[in-house]
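S.K.: Input: one structure, supplied below.
The values are calculated or read from the model by the stated rules, or taken from the named source; none is laboratory data. What you see is a predicted model; the values in this text were computed from it and never measured. FYI the Cβ positions are ideal-geometry reconstructions off the backbone, even for glycines, and counts take in every protein chain you see. Areas reflect the complete protein model, heavy atoms only, side chains present, ligands, DNA and RNA absent. Shrake-Rupley method; radii C 1.70, N 1.55, O 1.52, S 1.80 Å.
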Amino acid sequence: MVAWLPIAGPGAAAEYAVAPAEVLAGAPARVELADAAALPSVALTAWQALFEHAGLSAGQSVLINGAGGAVGGYAVQFAAQAGASVTATAGPGSAERVASYGAGRVIDYTATPVVEAVAGERFDVVLNLVFLPQQEELDKLVDLVVDGGVFANTVPPGVAQTGRGVRNAQVFGRSDAARLAELVAKVDASEVRVHVAQRRPLAELRGVHEDLAVFKLAGKTVVVP
Ligand SMILES: NC(=O)c1ccc[n+]([C@@H]2O[C@H](COP(=O)([O-])OP(=O)(O)OC[C@H]3O[C@@H](n4cnc5c(N)ncnc54)[C@H](OP(=O)(O)O)[C@@H]3O)[C@@H](O)[C@H]2O)c1
């Protein structure tokens, strides 16, 4: 089974956990059971951001900032499959994978800031997945949204305000077992790829948290027994 359980307090890592039945969906058969852990929270967040918050539809354009990460990988796949035109930012280590997910254009943000690379262009939807400490950096991304478009953001604190009819959607992913079951079916049909950045043994859990604390864990790390 796979599930997305909200983090409600200090926790632990364990091989088994108790979960309410209504948040569970059958795990995909096409990937290793442990690797299935790389699906629920990030894929649901990507889906909800694009379709429930931003209302993305076929023929629209979307900029996905931070597409090299776990949420971004699913967002690119879902947006491209929905018939949107996808522009994505990714570093050199992820660019090829992001392109293979269906991004029509991949911008290497380590070489050129995205706002420069797309200067003069605007998108129906901008999905931001990158922590940007300066409000002005977020504002520059909002400027890339067409009048009346949507700026969707998964990262706090989010933008203070938007103009030109741009809707600001601050995304908080939530558990949705029915949607998760649909995403699992897409994995089993080879329509959606699950990317695992690292697999590390439970005995290394401390090191995993240490890496996380210094932002060295991009993508999904799966802890295996
Ligand atoms: N609100 C919610 O419900 C929710 C749910 C899930 C996640 N989140 C948040 O959403 C964000 C993304 O999550 P995630 O799991 O995808 O994170 P992740 O796997 O750690 O991915 C982060 C990616 O951001 C890319 N990146 C870093 N700096 C960048 C920059 N300046 N421009 C463009 N890309 C840059 C890196 O890509 P490269 O590898 O290509 O260099 C990295 O892989 C995180 O802040 C996370 O906390 C929120």
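S.K.: Starting from the amide H of Phe123, placed 1.01 Å from N in the peptide plane, find each other amide H under 5 Å away whose residue is 5 or more places distant or on another chain.
M.R.: Amide H to amide H, under 5 Å and 5 or more residues apart or across chains, Phe123 pairs with Val145, Val146.
S.K.: GNM, the chain, Cα, under 10 Å: largest mean-square fluctuation among Leu138, Leu205, Leu44?
M.R.: The residue with the greatest mean-square fluctuation here is Leu205.
S.K.: Take the alpha-carbon positions of the chain, form their convex hull, and give its projected area averaged over all directions (one quarter of the hull surface) in nm².
M.R.: 12.4
S.K.: Sticking with this structure for a sec: I want to check the label-to-label distance for Ala19 and Arg206. Put each point 7 Å from Cα in the C-beta direction and report it in nm to one decimal.
M.R.: 2.9
S.K.: Select from Val71, Val18, Val196 the residue whose mean-square fluctuation is largest in a Gaussian network model of the chain (Cα-Cα springs shorter than 10 Å).
M.R.: Largest GNM mean-square fluctuation: Val18.
S.K.: Using a probe radius of 1.4 Å on heavy atoms only, what accessible surface per residue do you get for region 56-170? Whole Å² is fine.
M.R.: 42
S.K.: Counting only DSSP beta bridges with both residues in the chain, tell me the antiparallel percent, nearest 5.
M.R.: About 5 percent, rounded to the nearest 5.
S.K.: For the Cα atoms of the chain, what angle does the longest principal axis make with the long axis of helix 70-81, in degrees from 0 to 90, nearest 10?
M.R.: 60
S.K.: Rounded to the nearest 500, what is the 222 nm mean residue ellipticity of the chain from helices alone, with -39500 (n - 2.57) per DSSP H run of 4+ residues and division by all residues?
M.R.: It lands at -7000 deg cm²/dmol.
S.K.: Largest first, how would Asp211, Asp147 line up by accessible area (1.4 Å probe)?
M.R.: Most to least solvent-accessible, the answer reads Asp147, Asp211.
S.K.: While we're on this one: Among Leu183, Leu132, Leu24, which one moves the most in a GNM of the chain with springs linking Cα atoms closer than 10 Å?
M.R.: Leu132
S.K.: Can you list residues from other chains, or at least 5 along the same chain, whose modelled amide H is less than 5 Å from the amide H of Ile107?
M.R.: Under 5 Å from the amide H of Ile107 lie the amide H atoms of Ala88, Thr89, Ala90, each far enough along the sequence or on another chain.
S.K.: Taking Cα pairs under 8 Å and at least six residues apart, what relative contact order does the chain come out at, in percent?
M.R.: 23
S.K.: Ok, one more. Over the chain, what percent of the accessible surface lies on carbon and sulfur atoms, probe 1.4 Å?
M.R.: 54
S.K.: Turning to a different aspect of this structure: Tell me, what HN-Hα J-couplings in whole Hz come from the Karplus equation 6.51 cos²θ - 1.76 cosθ + 1.60 at θ = phi - 60° for each residue of region 166-171, using x for Gly and Pro?
M.R.: 6, 8, 9, 10, 8, 9
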